[in-house]
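J.: This is the structure I want to talk about, given as structure tokens.
The values are calculated or read from the model by the stated rules, or taken from the named source; none is laboratory data. This is a predicted model, so every value here is computed, not measured. Cβ coordinates were reconstructed from backbone atoms using ideal geometry, including for glycine residues, and neighbour counts include every protein chain displayed. Keep in mind that these areas ignore ligands, DNA and RNA; they rest on the heavy atoms of the full protein, side chains included. Shrake-Rupley method; radii C 1.70, N 1.55, O 1.52, S 1.80 Å.
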Amino acid sequence: MCGVAQAENGATGWLRYSRITEPSALQQYRLLPRRIVQSDTSPIGGNAAAELARGLRSMLGGQFQVDATLPDADAFVLGTPDELHRLLPQWKRPSMLAPEAFALSKLDEHGHHLWIVAGGREKGELYGVFHLLEQVAEQREIVPNAEAPSAAIRWVNQWDNLDGSIERGYAGRSIFFDGGHVRADLTRVSEYGRLLASVGLNGCTVNNVNSDLRTLQPEMLRELARIADALRPWGVRMSLSVDLSSPEVVGHLSTFDPLDPRVAAWWQQKTDEIYKLIPDFGGFVVKADSEGRPGPSQYGRTPAVAANVLARALKPHHGIVLYRGFVYNHHLDWHDLKADRARAGYDNFRALDGKFEPNVVIQIKHGPIDFQVREPVSPLFAALRHTSQAIELQVTQEYAGQQRHMVFLVPMWKIALDTDMRAGNRSTPVKEIVEGKSFHQPLGGFVAVVNVGLDDDWLHHPMAMANLYGYGKLAWNPNLTTDQIIDGWTRLTFGNNPLVVSTIDDLQRNSWHTYEQYTGPLGLGTLTDIIGIHYGPGIESAERNGWGQWIRADHKGIGMDRTVATGTGYIGQYPPELAKVYESLATCPDELLLFMHHVPYNYVLHSGKTVIQHVYDSHYDGAATAATYAPRWEKLHGLIDDERYQRTLALFEYQAGHAIVWRDAVSEWFLRMSGIPDAKGRVGHDPNRIEAEAMQGDGYTPVDVTPWETASGGKAVVCNRAVACTLTTKLEKPEGIYNIAVQYFDIHPGTAQYELLLNGKPITHWAANNIVPPAVSDKKLDGHTSTRFTVHGVWLAPGDRLVLSGVANGAEPAPVDYIEITRP
Ligand code: GCW
């Protein structure tokens, strides 16, 4: 059996097609045909047949042969209804098979068993094949079945730059670009297309929404056409993010005013040029008037006017415009208690409802701010009733641990999709709005920012691919449950061993909530360094700047008052029934309290706890849960391949340490701000800690850490010499077994070396080996770089002499925050 011993780097994602060896499991597939008939010679049809042969061969062994005509044997028969009807006139057509839908049925013909995989069009066949293979991989019975996707738009966005970097990408460089060009080798691009198709995704925007102006130059378009060629056989249409000033910069016009006829003509000519090169081009994604991007506001025009110019150019080619609703002013006046970034989407788009061409879709982030760990849904979803909409989600974990923390986001997305907006006082859940059902719109769907990179396993953390898989599954069918999704992913990714499946399912299922607990509970947002890299804690960075993600914390209370009665009025943007729930403290759910209201620290939640005690407790609970990940994972040793086992274990150990950084930073900050002690006496009392600056140092010098809450006592020590520096302490612990944790800072670049010695004997050593995300500004001692190394099970006795030795390397001065010695 593959999986146990064989090393795996994660490159195949959930398409591993592991050999099935259990006799009982094999038995049910014994009678499956060994012949595959594919009469259609299109690249997608060909891929569907080849994939079926590849998957079955790999899982079941033996040969599977693809033919163009019906053999005198059992067979799988793939085709569109017309093709199938030609081959098998007696086959009963399903009444309606939408172009991307599939129907799996069985037919007995001349004593042979035929498994028919019908697709509305070739893409449907491909989806049918992946469905069938998934059943086998999960060792389920193959039963006749028909499925159609929930909505037409099921796209991914990649924020890749032409130089090969990826904005908010955490898994290596771009699979598409390098050095200003499309890569010569696009193998990873077709593999990506295959992964996307396997979960029903059908579009990929390949360049950053902060679009490079070179994108629309003729030479670049010819290069981009190669990416489209690589994705096409998987039914994935390529699209591009465009900069609205392109007519001026690329086209050398004197303006990019969308109402200028020369501008419209330029877009038309450019679009025609694109379709000559890429006949199935998907369309344009537009970020304008947002975070410094040029836009129609420069000419006093609305987003509708700008979107429509592009839409008219695309219309003859059946292309669409995804105009992002993420339009806001990042120079807000923080003194103004009525200013509110959350209002922006609605305020900018509400009045334009009905003014867009039918092939324009407004792409709306699920929350009104920006992918925070908890936000209410954007009120814009309910406000646009004559305009198509797509929901924008984020697979790349920008605010959710950057693929160094395990955070399975499907439960969060489900809350957004299931939120019933009660538009017009009737049931209008977000998922039905974006499907186009609620308001009878022609288009609509799902977009996720994914940002896979060249890392072998696409997203860096072996657990992170569950988010891409889950996103695809939800876009296909938003009614799937979290349990169905995670269970499918785990089985496909790690096999069907019951202990493996139940352990991983459990770990993933609650990981978002846990992350919320130790980062930003009660609707506070992520409490990260908001104007920096969005990773570790940086609480005050949210306040007193124009970016508008304020938490409005002072010595008395906390939270943004967004009520209609006394606040920014944001709540009034929701339809009345939902607005009523949020407006009243009596009904506002605890988890959104501080997003909607400003309250004193001792305000009592529905749970019976005060706000401040909840903040403390949730951080301690969350960090305690994160600490269970590694030991739970260790139970799977030997049950999965060693490569992914070790990689995940290292990340879980790291996460446990970084969750403590979060816990301490947020708790300490709130203690200082509120002046209210933790009823359980934990915050500010760390009896097992020895501060580095309190140890006897040789070569080490104390430094202040900013922000102060990201280091214990606000201080650390650094070694600024070529030879090792040391910290020495005499321990007075009762005799016994202990864990020794060293809190240090791992910065880029540089690999400092550390060693712990007990009574002169080395007990462990390690390197600051950059497990933290490689963010550009990550050169400081702070909440991003603070990292923990733990050595377990050390026998200590009173009077022991503990020495920590650090050797600086490059820009990394072997920094240390503290040592903590605890009972296991
Ligand atoms: O989430 C924020 C990111 C920006 C991003 C922007 C957007 C691509 O911090 O990096 O820009 O949103 O969605 O446009």
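J.: Got a number for residues in the range 563-580 being outside any loop (DSSP other than H, G, I, E, B), out of contact with any Lys or Arg (no Cβ under 6 Å at 6 or more places or on another chain) and buried (at least 17 other Cβ atoms within 10 Å of the Cβ)?
T.: Within the range 563-580, the first condition is being outside any loop (DSSP other than H, G, I, E, B), and the residues that meet it are 570-573, 576-580.
Next, from what is left, pick out any that are out of contact with any Lys or Arg (no Cβ under 6 Å at 6 or more places or on another chain): 572-573, 576, 579-580.
After this cut, where a residue has to be buried (at least 17 other Cβ atoms within 10 Å of the Cβ) as well, the list is 572-573, 579.
Qualifying residue count for the region: 3.
J.: Turning to a different aspect of this structure: So is S190 open to solvent by 10 Å² or more (accessible area, probe 1.4 Å), over 30 Å from R222 (Cβ atoms) and either within 16 Å of the ligand (Cβ to nearest atom) or modelled with pLDDT of 95 or more (or both) or not?
T.: On the way: open to solvent by 10 Å² or more (accessible area, probe 1.4 Å): yes; over 30 Å from R222 (Cβ atoms): no; either within 16 Å of the ligand (Cβ to nearest atom) or modelled with pLDDT of 95 or more (or both): yes.
No, not satisfied.
J.: Also, I was wondering about something else. Looking at (1) in contact with a Ser or Thr (Cβ under 7 Å, 6 or more places away or on another chain); (2) within 15 Å of the ligand (Cβ to nearest atom); (3) farther than 30 Å from H131 by Cβ, find the lone condition where G164 falls short.
T.: (2) is the only condition that G164 fails.
J.: I've got another one for you. Limited to the range 513-541, what total is found for residues that are surrounded by fewer than 24 Cβ atoms within 10 Å (Cβ to Cβ) and assigned to a helix (DSSP H, G or I)?
T.: 4
J.: If I ask for residues that are more than 16 Å from the ligand (Cβ to nearest atom) and either outside any strand (DSSP E or B) or in contact with an Asp or Glu (Cβ under 9 Å, 6 or more places away or on another chain) (or both), which ones from the range 355-374 would you list?
T.: K355, F356, E357, P358, N359
J.: So, in the range 395-437, of the ones that are open to solvent by 10 Å² or more (accessible area, probe 1.4 Å) and either within 16 Å of the ligand (Cβ to nearest atom) or polar (S, T, N, Q) (or both), which residue ends up farthest from E167 (Cα to Cα)?
T.: N425
J.: Please list, ordered by first then second residue, the pairs with beta carbon atoms under 7 Å, 6 or more apart or interchain, first in the range 325-338 and closer than 16 Å to R293 by Cα, second open to solvent by 80 Å² or more (accessible area, probe 1.4 Å).
T.: So the pair list comes out as H330/W547.
J.: Considering only the range 288-300, how many residues are under 22 Å from N545 (Cα atoms) and either open to solvent by 50 Å² or more (accessible area, probe 1.4 Å) or away from the ligand (no atom under 11 Å from the Cβ) (or both)?
T.: Of the residues in the range 288-300, 5 are under 22 Å from N545 (Cα atoms) and either open to solvent by 50 Å² or more (accessible area, probe 1.4 Å) or away from the ligand (no atom under 11 Å from the Cβ) (or both).
J.: If you don't mind, another one. Which ones in the range 329-349 are within 26 Å of the chain's Cα centre (by Cα) and open to solvent by 20 Å² or more (accessible area, probe 1.4 Å)?
T.: Of everything in the range 329-349, those that are within 26 Å of the chain's Cα centre (by Cα) and open to solvent by 20 Å² or more (accessible area, probe 1.4 Å) turn out to be N329, H330, R343, Y346.
J.: Residues being part of a helix (DSSP H, G or I) and in contact (Cβ under 8 Å) with a residue 40 or more places away in the chain: count how many of those fall in the range 542-562.
T.: Going through the range 542-562, the residues part of a helix (DSSP H, G or I) turn out to be 542.
Now restrict to residues that are in contact (Cβ under 8 Å) with a residue 40 or more places away in the chain: none.
Residues in the range 542-562 being part of a helix (DSSP H, G or I) and in contact (Cβ under 8 Å) with a residue 40 or more places away in the chain: 0 in total.
J.: Suppose we filter the range 350-366 for residues that are of a type outside the set (K, R), surrounded by fewer than 21 Cβ atoms within 10 Å (Cβ to Cβ) and free of Cβ contacts under 8 Å to residues at least 60 places away in the same chain; how many remain?
T.: So the count comes out to 5.
J.: Which residue pairs have Cβ atoms closer than 6 Å, lie 6 or more positions apart in sequence or on different chains, and pair a first residue in the range 381-410 that is closer than 19 Å to R422 by Cβ and in contact (Cβ under 8 Å) with a residue 12 or more places away in the chain with a second residue that is in a loop (DSSP other than H, G, I, E, B) and within 16 Å of the ligand (Cβ to nearest atom)?
T.: I391/H366
J.: In addition: Residues of the range 384-394 being away from the ligand (no atom under 16 Å from the Cβ) and either open to solvent by less than 10 Å² (accessible area, probe 1.4 Å) or hydroxyl-bearing (S, T, Y) (or both), which ones? Step through it out loud before you land on a result.
T.: Residues of the range 384-394 that are away from the ligand (no atom under 16 Å from the Cβ), as a first pass: 384-389.
The answer is L384, T387, S388, Q389.
J.: Same structure again: Is it fair to say S378 is within 16 Å of the ligand (Cβ to nearest atom), under 30 Å from E357 (Cα atoms) and in a loop (DSSP other than H, G, I, E, B)? Before you say what the answer is, go through the steps one by one.
T.: Values: within 16 Å of the ligand (Cβ to nearest atom): yes; under 30 Å from E357 (Cα atoms): yes; in a loop (DSSP other than H, G, I, E, B): yes.
Against the criterion (within 16 Å of the ligand (Cβ to nearest atom), under 30 Å from E357 (Cα atoms) and in a loop (DSSP other than H, G, I, E, B)), S378 qualifies.
J.: While we're on this one: Name the pairs whose Cβ atoms lie under 8 Å apart, with the first residue in the range 697-720 and farther than 10 Å from L781 by Cα, the second crowded, with 24+ Cβ neighbours inside 10 Å and among the acidic types (D, E), and 6 or more positions between them or separate chains?
T.: Correct list of pairs: E709/D664; S712/D664; S712/D817.
J.: May I ask you to verify whether P303 is in contact with a strand residue (DSSP E or B) (Cβ under 7 Å, 6 or more places away or on another chain) and within 16 Å of the ligand (Cβ to nearest atom)? Break it down into steps so the answer makes sense when it comes.
T.: On the way: in contact with a strand residue (DSSP E or B) (Cβ under 7 Å, 6 or more places away or on another chain): yes; within 16 Å of the ligand (Cβ to nearest atom): yes.
Against the criterion (in contact with a strand residue (DSSP E or B) (Cβ under 7 Å, 6 or more places away or on another chain) and within 16 Å of the ligand (Cβ to nearest atom)), P303 qualifies.
J.: Please specify each residue of the range 193-210 satisfying the condition of being polar (S, T, N, Q), over 16 Å from H181 (Cβ atoms) and within 16 Å of the ligand (Cβ to nearest atom).
T.: Let us first name the residues in the range 193-210 that are polar (S, T, N, Q), namely 198, 202, 205, 207-208, 210.
From what's left, over 16 Å from H181 (Cβ atoms): 198, 202, 205, 210.
Hits for the range 193-210 are T205, N210.
J.: Something else about it: Could you check, for the range 239-247, whether at least one of its residues is among the hydroxyl-bearing types (S, T, Y), open to solvent by 20 Å² or more (accessible area, probe 1.4 Å) and farther than 16 Å from L314 by Cβ?
T.: In the first step, residues of the range 239-247 are kept if they are among the hydroxyl-bearing types (S, T, Y); the result is 239, 241, 245-246.
Now narrow it down to the ones that are open to solvent by 20 Å² or more (accessible area, probe 1.4 Å): none.
Checked the range 239-247: no residue is among the hydroxyl-bearing types (S, T, Y), open to solvent by 20 Å² or more (accessible area, probe 1.4 Å) and farther than 16 Å from L314 by Cβ.
J.: Given (1) open to solvent by 60 Å² or more (accessible area, probe 1.4 Å); (2) farther than 22 Å from E516 by Cα, identify the lone condition not met by D686.
T.: (1)
J.: I'd like the residue in the range 533-549 that is within 12 Å of the ligand (Cβ to nearest atom) and farther than 26 Å from L337 by Cβ and, out of all such residues, is farthest from the chain's Cα centre (by Cα).
T.: The selected residue is I533.
J.: Now for a separate question. It is to be established whether one or more residues within the range 701-723 are in a strand (DSSP E or B), aromatic (F, W, Y) and surrounded by 15 or more Cβ atoms within 10 Å (Cβ to Cβ). Explain how you work it out, then say what you get.
T.: Filtering the range 701-723 down to residues in a strand (DSSP E or B) leaves 701-704, 715-719.
Cutting the leftovers down to aromatic (F, W, Y) gives us none.
Scanning the range 701-723 turns up no residue that is in a strand (DSSP E or B), aromatic (F, W, Y) and surrounded by 15 or more Cβ atoms within 10 Å (Cβ to Cβ).
J.: Out of the residues in the range 778-824 meeting the condition of being under 24 Å from L731 (Cα atoms) and among the charged types (D, E, K, R), tell me which one is least open to solvent (accessible area, probe 1.4 Å).
T.: Result: D817.
J.: Quick check: anything in the range 314-326 surrounded by 17 or more Cβ atoms within 10 Å (Cβ to Cβ), in a loop (DSSP other than H, G, I, E, B) and within 16 Å of the ligand (Cβ to nearest atom)?
T.: Yes.
J.: Moving on. All but one of (1) within 16 Å of the ligand (Cβ to nearest atom); (2) open to solvent by less than 10 Å² (accessible area, probe 1.4 Å); (3) part of a loop (DSSP other than H, G, I, E, B) hold for G169; state the number of the condition that does not hold.
T.: Status for G169: all satisfied but (2).
J.: Kindly indicate whether L15 is in a loop (DSSP other than H, G, I, E, B) and more than 35 Å from the chain's Cα centre (by Cα).
T.: Details: in a loop (DSSP other than H, G, I, E, B): yes; more than 35 Å from the chain's Cα centre (by Cα): no.
Against the criterion (in a loop (DSSP other than H, G, I, E, B) and more than 35 Å from the chain's Cα centre (by Cα)), L15 does not qualify.
J.: Are any residues in the range 581-605 under 20 Å from R422 (Cα atoms), open to solvent by less than 10 Å² (accessible area, probe 1.4 Å) and part of a loop (DSSP other than H, G, I, E, B), and if so, which ones?
T.: C588
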